[in-house]
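As structure tokens, the structure follows; a few thoughts come after it.
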Amino acid sequence: MALRFRKSVRIAKGVRVYFSKSGASLSLGGKGHGVTFGGSGTHAHVGIPGTGLSYNTKIGGKSHSSSRSRSSHSSSSRSSVPIPKQVNIRMDDKGKVVIEDGNGNEITNQSVLRKIKATSQYQAQVAQLDAQRREKIDEMVRDSEAENEQFINIYELSAVVDPLSRFQDRLNNIRPLEYEEAEFDVPAPTKDDILVFLKKEAETAVKGSIFKIGKLRRQYVEDNIEQRYSNALSAWESERDEFYAFQSEEKAIADEAAKEECEKQKLFLAALIEGDESAVSEVFDSWIKGCEMPVETDISYEWNKITGTMMLDVDLPRIEELRATKLVKTDAGNLKEKKKTQAELRGEYSTLLFGLAIFITSHTFNVSPAINNILFSGYAERTDKEGNAKEDYLYSIKFTRDMFEQRDLSRVMPKEFCLSAENRCNMTTTSLFKTIVPFDSFE
């Protein structure tokens, strides 16, 4: 369709909600849950994969002496299928138990299965896995509902719209960043430092007999310490003064740059408060580029400084973009993907569409206090009876700034809030949007 306004910007899809077409599933057990069978009896082992923690416990079988006393019976049963030394137990989301050997092969021999299932440890593990399964299903249902609500309830991310006074406070509080001079961290020399140095120097510089060398070196230190200390202190002071002179030059340059930047910010914010077209467009475009929403959409806009009105034409999502199914927990405690009713889908769709209007409008009002009115018109691609794609306007709403200022919009009812403003919206009692002709202006 031909867009009415001069500028169009795309909001990229940021917050994504994924739904598997094949539904959701879970698997419990397997590694970390097993039963080991051997000549010394039947043992169960339970471990936490990745931690190295596990324990083994005997759950059946005969004692060593009993095994010896019946060795002849075991010999006569060589033709029977041996019980694997290790057994792993898995459970799917429907509560079906799968028993595997240590190599991951499913055990199908009924005799072996009966022996495994007869152990108390097997029953305990199955009960534990079923409890985990039910807990996991509850979690998956909750997560699915939360993801769906995040997608539908976009209005909960609306901005709290600031009044003019907040913008003026920001303008008055803009200050240039002050350059912080670094401290000269080289410690001043001391006579003790020079003394240590001269003593070492004297050991090399002064020679003499063993009887006089000590006195000569002490004299060398006494003769040089004052001058050496004075020289070292002068060198340190010179280095310090050069450092602070450089810091002073850097501070002057940085302070001047900060002052210029501060003036630019003030001029820009003042222009924004006044509703300057360039400033408003820059901030609005910047918000859109950084915006993250569950849907991707196009926004066409036109700003009229004289009337204080922003005209928004918004490409709305199609109802087909909503998830048509939901995860539910059955009475038997299983996970099921259930198809939503048309009433549910239309209800969610209306919440999403009206919520989008609130979300986008709130952030648009926060661009500049000069924006007093917003005409929000939303259209969506739909298919007509002949199967042709067309773009229909679904609503056109006149929002005023006082409806939004300093209000917690996450608590409003999207449909009621939007329709409390002057609007064109032909929606049936079953939340079916009919095509409308949008407003041409805010007047």
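Shape of the stretch 133-182 from its Cα gyration tensor (a ≥ b ≥ c, root eigenvalues): rounded if a/c is under 1.5, otherwise prolate when a/b > b/c, or oblate?
On the way: a/c = 7.55, a/b = 2.28, b/c = 3.32.
Here the stretch 133-182 falls in the oblate category.
Which whole-number value in Å³ per residue fits the convex hull of the alpha carbons of the stretch 272-320?
On the way: hull volume 4.0 nm³, N = 49.
Dividing the Cα hull volume of the stretch 272-320 by its residues yields 81 Å³.
Looking at the calculated P(r) for the stretch 182-299, what percent of the C-alpha pair distances fall above 25 Å?
I get 63 percent for the Cα pairs in the stretch 182-299 exceeding 25 Å.
Subtract the Cα-Cα distance of E277 and T330 from 0.36 nm times their separation in residues, and report this length gain in nm to one decimal.
Numbers: separation 53, 0.36 × 53 = 19.08 nm, distance 5.72 nm.
Taking 0.36 nm per residue and subtracting the Cα distance, the gain is 13.4 nm.
Between Rg and the Kirkwood Rh of the stretch 227-291, both from Cα atoms, what is the Rg to Rh ratio? Each step should come with its number before you reach the end.
Working: Rg = 23.6 Å, Rh = 15.8 Å.
Answer for the stretch 227-291: 1.49.
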task: Please report, as a whole percent, how much of the solvent-accessible surface of the stretch 249-292 comes from carbon and sulfur atoms (probe radius 1.4 Å).
output: 50 percent
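Taking 0.36 nm per residue of separation and subtracting the Cα-Cα distance, what length does fully extending L171 through V98 add? Intermediate values should be presented prior to the final figure.
Working: separation 73, 0.36 × 73 = 26.28 nm, distance 6.87 nm.
Taking L171 through V98 to full extension adds about 19.4 nm, to one decimal.
Applying 1/(1 + (r/R0)^6) with R0 = 45 Å to the Cβ-Cβ distance of S420 and N105, what FRET efficiency is obtained, to the nearest 0.05? Kindly include the intermediate steps, with their values, before the conclusion.
Details: r = 66 Å, r/R0 = 1.46.
The computed FRET efficiency comes out at 0.10.
Based on the alpha-carbon gyration tensor of the stretch 331-426 and its eigenvalue square roots a ≥ b ≥ c, which shape applies: rounded if a/c is under 1.5, prolate if not and a/b is larger than b/c, or oblate?
Details: a/c = 2.85, a/b = 1.46, b/c = 1.95.
Taking the square roots of the gyration eigenvalues as a ≥ b ≥ c, the stretch 331-426 is oblate.
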Fraction in percent of alpha-carbon pairs per bin - 5 Å, the stretch 102-162: 4, 13, 11, 13, 12, 9, 9, 7, 7, 5, 5, 3, 2, 1, 0, 0
- request: At 7 Å along the Cα-to-beta-carbon direction for both K207 and D143, put a label point, then send me their distance in nm to one decimal.
  value: 8.5 nm
- line: Note on the stretch 323-382: contact order normalised by length, alpha-carbon pairs under 8 Å, 6 or more apart, percent, works out to 19 percent
- request: With label points built 7 Å along Cα→Cβ from the Cα atoms of L267 and T428, find their separation and express it in nm.
  value: 5.9 nm
message: Quick check on packing: order 299-309, 149-159, 182-192 by the mean number of other C-beta atoms within 10 Å, highest mean leading.
response: 149-159, 299-309, 182-192
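Would you work out the Kirkwood radius for the stretch 237-332? I mean one over the mean of 1/r across all pairs of different Cα atoms, in Å.
On the way: mean 1/r = 0.0522 Å⁻¹.
That comes to 19.2 Å for the stretch 237-332.
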- prompt: Mind listing the Cα extents of the stretch 79-202 along all three principal axes, in Å, largest one first?
  reply: 98, 74, 23
task: In whole Å, largest first, what are the principal axis extents of the Cα atoms in the stretch 169-235?
output: 83, 16, 14
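The values are calculated or read from the model by the stated rules, or taken from the named source; none is laboratory data. On a predicted model such as this, the values are computed, not experimentally measured, just so you know. Positions of Cβ are generated from backbone atoms using ideal geometry, with glycine treated the same way; all protein chains shown enter the neighbour counts. Accessible surface is based on the protein model in full, side chains and every heavy atom, while ligands, DNA and RNA are left aside. Shrake-Rupley method; radii C 1.70, N 1.55, O 1.52, S 1.80 Å.
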